[in-house]
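Notes for the one structure printed next.
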Amino acid sequence: MILAAGRGERMRPLTDILPKPLQKVGDLTLIERHVTALAKAGIKHIVINLAWLGHLIEQHLGDGARFNLNIDYSYEQTALGTLGGVVNALTLFKEEQFLVISADIVTDFDFHSLLSHSIDSHDLAHLVLIEESHFKGDFSLQSHRVTMPEAQSFTYGNIGLYQRRGLMHFQPGQILDLGQYLRQLVGLNQVSGQLFSGLWSNVGTIEELDRINQLLDR
């Protein structure tokens, strides 16, 4: 699943007429970069949640045929938040375990490496963490177990595997926060993780968009 329903307030006025996932990084839009990478990794089915100007994203990507995969869209009348969007789309998922990424990051992470990863029966999530000096760390990592932040902490890279059974008790249509859910799971020792040190950039502002474009032009 690609999370693409946000308003992109910090990127206005660009996002007043074009949703953030359709902003260009290099020759491709943010969301095209993800769909292309997921297709290359062998993924055949993607769910994308939409709200603000979502019809433009659907028009741009279509049914996914040109990427050799299938895309389903989950529309939200009002954006339901990072977890609410996932819960609202649960009926569209074909597997018990699924990947969730945010549309507004740029990364060269190898998504294929997660396809063969099976979450332990006790766990409900597996997170990709990054070392990012611009952000206060969300979690720490000890022997592939995600813990609450300590002296050395890392940022959740908005790439994670999730178990459907951990979300079934939530009601669709609610505004829910993924960060709060993850902190609850970490407190219960139900989250594994890995550290990624490759290309990763959050794209939440015009300045960050310009910065990643300049970096990739080098």
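The values are calculated or read from the model by the stated rules, or taken from the named source; none is laboratory data. No experiment lies behind these values; they were computed from the predicted model shown. Note that each Cβ is placed from the backbone with ideal geometry, even for glycine, and that neighbours are counted across all protein chains shown.
From the list LEU99, LEU80, LEU114, exactly one residue is among the hydrophobic types (A, V, I, L, M, F, W, C), over 21 Å from ALA39 (Cα atoms) and out of contact with any Asp or Glu (no Cβ under 9 Å at 6 or more places or on another chain). Which is it?
When all the criteria are applied, what remains is LEU80.
Taking segment 8-27, which residues are β-branched (Val, Ile, Thr), in contact with a helix residue (DSSP H, G or I) (Cβ under 8 Å, 6 or more places away or on another chain) and part of a helix (DSSP H, G or I)?
Going through segment 8-27, the residues β-branched (Val, Ile, Thr) turn out to be 15, 17, 25.
Then keep just the ones that are in contact with a helix residue (DSSP H, G or I) (Cβ under 8 Å, 6 or more places away or on another chain); that gives 15, 25.
Listed by number, the list holds a single entry, THR15.
Please verify whether segment 31-49 includes one or more residues that are among the β-branched types (Val, Ile, Thr) and without any contact (Cβ under 8 Å) to a residue 40 or more places away in the chain.
Yes, some residue in segment 31-49 is among the β-branched types (Val, Ile, Thr) and without any contact (Cβ under 8 Å) to a residue 40 or more places away in the chain.
Return the pair list, or none, for Cβ contacts closer than 7 Å from residues in segment 90-104 that are in contact (Cβ under 8 Å) with a residue 60 or more places away in the chain to residues that are β-branched (Val, Ile, Thr) and surrounded by 16 or more Cβ atoms within 10 Å (Cβ to Cβ), at least 6 apart or on different chains.
Hits for this filter: PHE93/VAL47; GLN97/ILE119; VAL100/VAL86; ILE101/ILE2; ILE101/ILE159; ALA103/ILE2; ALA103/ILE31; ASP104/VAL203.
Considering only segment 44-60, I want to know if a residue exists there that is out of contact with any Lys or Arg (no Cβ under 8 Å at 6 or more places or on another chain), surrounded by fewer than 18 Cβ atoms within 10 Å (Cβ to Cβ) and under 20 Å from ASN213 (Cβ atoms).
Yes: segment 44-60 contains one or more residues that are out of contact with any Lys or Arg (no Cβ under 8 Å at 6 or more places or on another chain), surrounded by fewer than 18 Cβ atoms within 10 Å (Cβ to Cβ) and under 20 Å from ASN213 (Cβ atoms).
Suppose we keep only residues that are surrounded by 20 or more Cβ atoms within 10 Å (Cβ to Cβ) and under 15 Å from the mean Cα position of the chain (by Cα) within segment 177-192. Which one would you say is farthest from ILE130 (Cα to Cα)? Walk me through it before giving the result.
Our first condition is that a residue be surrounded by 20 or more Cβ atoms within 10 Å (Cβ to Cβ); within segment 177-192, this holds for 178, 181-182, 186, 191-192.
Remaining after also requiring under 15 Å from the mean Cα position of the chain (by Cα): 178, 181-182.
Details: LEU178: 17, TYR181: 19, LEU182: 16 Å.
Going through the qualifying residues, I end up with TYR181.
Does VAL47 satisfy being within 13 Å of the chain's Cα centre (by Cα), outside any helix (DSSP H, G or I), modelled with pLDDT of 95 or more and of a type in the set (Val, Ile, Thr)?
Spelling it out, VAL47 is indeed within 13 Å of the chain's Cα centre (by Cα), outside any helix (DSSP H, G or I), modelled with pLDDT of 95 or more and of a type in the set (Val, Ile, Thr).
Could you give every pair whose Cβ atoms fall below 7 Å, whose first residue belongs to segment 56-83 and is over 21 Å from LEU161 (Cβ atoms), and whose second residue is assigned to a loop (DSSP other than H, G, I, E, B) and among the basic types (Lys, Arg), counting only separations of at least 6 or pairs across chains?
If the second residue must be assigned to a loop (DSSP other than H, G, I, E, B) and among the basic types (Lys, Arg), the pairs left are ALA79/ARG7.
Need pairs with beta-carbon distance below 9 Å; first residue within 12 Å of ALA89 (Cα to Cα) and within segment 149-178, second part of a strand (DSSP E or B) and of a type outside the set (A, V, I, L, M); sequence gap 6+ or separate chains.
Final answer for the pair search is ARG164/GLN97; ARG164/PHE98.
I want to confirm something. Restricting to segment 99-116 and keeping residues that are part of a loop (DSSP other than H, G, I, E, B) and in contact with a strand residue (DSSP E or B) (Cβ under 6 Å, 6 or more places away or on another chain), which single residue is nearest to GLY166 (Cα to Cα)?
Selected residue: ALA103.
Those residues that are within 14 Å of the chain's Cα centre (by Cα) and buried (at least 22 other Cβ atoms within 10 Å of the Cβ), I need them from segment 119-155; list them, please.
Scanning segment 119-155 gives ALA125, HIS126, LEU127, VAL128, LEU129, ILE130.
For segment 87-109: of the residues being within 27 Å of ILE212 (Cα to Cα) and of a type in the set (A, V, I, L, M), which is surrounded by the most Cβ atoms within 10 Å (Cβ to Cβ)? Break it down into steps so the answer makes sense when it comes.
Taking segment 87-109 as the starting set, the residues that turn out to be within 27 Å of ILE212 (Cα to Cα) are 99-109.
Subset that is of a type in the set (A, V, I, L, M): 99-101, 103, 105-106.
Values: LEU99: 21, VAL100: 20, ILE101: 22, ALA103: 26, ILE105: 22, VAL106: 21.
So the residue we want is ALA103.
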